[in-house]
Each structure stands twice: as C-alpha cells, then as structure tokens.
1. Pick out, from the range 1-71, the helices (runs of 4 or more DSSP H) lying fully within it that include 2 or more residues that are at pLDDT 95 or above and within 13 Å of VAL86 (Cα to Cα).
2. When the range 35-71 is examined, which residues are found to be hydrophobic (A, V, I, L, M, F, W, C) and crowded, with 16+ Cβ neighbours inside 10 Å?
3. Would you please list the contacts, defined by Cβ atoms under 8 Å and residues six or more apart or on different chains, that run from a residue in the range 72-83 that is under 14 Å from LEU58 (Cβ atoms) to a residue that is of a type in the set (S, T, N, Q) and not in a loop (DSSP other than H, G, I, E, B)?
4. What are the residues in the range 72-94 that are assigned to a loop (DSSP other than H, G, I, E, B), surrounded by fewer than 11 Cβ atoms within 10 Å (Cβ to Cβ) and at pLDDT 90 or above, if any?
5. Looking at ALA63, ALA10, ALA43, can you tell me which residue is over 14 Å from the mean Cα position of the chain (by Cα) and within 24 Å of GLU79 (Cβ to Cβ)?
6. Could you check the range 26-72 and list, in sequence order, the residues that are among the polar types (S, T, N, Q) and farther than 14 Å from TYR89 by Cα?
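The values are calculated or read from the model by the stated rules, or taken from the named source; none is laboratory data. All values derive from a computational prediction rather than experimental measurement. Cβ placement follows ideal geometry from the backbone for every residue including glycine, while neighbour counts extend to all protein chains displayed.
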Amino acid sequence: MLFLTSSALAITPAEQRGKSFVLTNCSRCHSIDKVSPSPLKIAPPFRDLHKKYPIETLQESLAEGISTGHPTMPEFRLEPDQINDVLSYLKSLE
C-alpha cells in the first residue's frame, strides 16, 4: 500500500496564488487541472502547455500580453509576482 505524506501533496504558496489567478481568469475556457477537458474546445488544457512551450519562455508573453490567433482570448498583462505565481502553478501540472 502506498502512503503519501502531507508534504508530498503540499502546494507551495506561489503555486496556490497561481492556481487562484488561473481559476479566476482562465478556467472559463481552459482546463486548469491535470484531468478535465477544457470548457472551450479550442482552448488548450494548461497541463499540455509544456508540450508546446518551455514554461519559462511564457514569462515574456505574460509580461507583454499574450496574443493569440483567436479574438475571444482576452489579453492579459501580469505583474512580475503574478507571472512567477502562474508559472509556478503551470510547472506543477507537468
């Protein structure tokens, strides 16, 4: 039988803040967990982003504003601490 300690399941404060940000701003369209489908079919699940982009490379896009090929995606410009939090959360999904 496998037992996990609470530390194995712990989420860091940065990951928690990042999760809160994406839950509030992104979950209407994107899956933000490890299993659910995205509510909007064309919106990639966040757990798959690392397959297309090294997560660290998203830092500049999050600072300058992510632009996409579809007009329904809002543009976000995050502050440096928000970027760190969101990237921390995205890395936790890998």
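1. 13-25
2. The answer is ALA43, PHE46, LEU49, ILE55, LEU58, LEU62.
3. PHE76/ASN25; ILE83/GLN59
4. Listed by number, the list holds a single entry, GLU79.
5. ALA63
6. Once the filter is applied, which keeps residues that are among the polar types (S, T, N, Q) and farther than 14 Å from TYR89 by Cα, the range 26-72 yields SER36, SER38, THR57, SER61, SER67, THR68, THR72.
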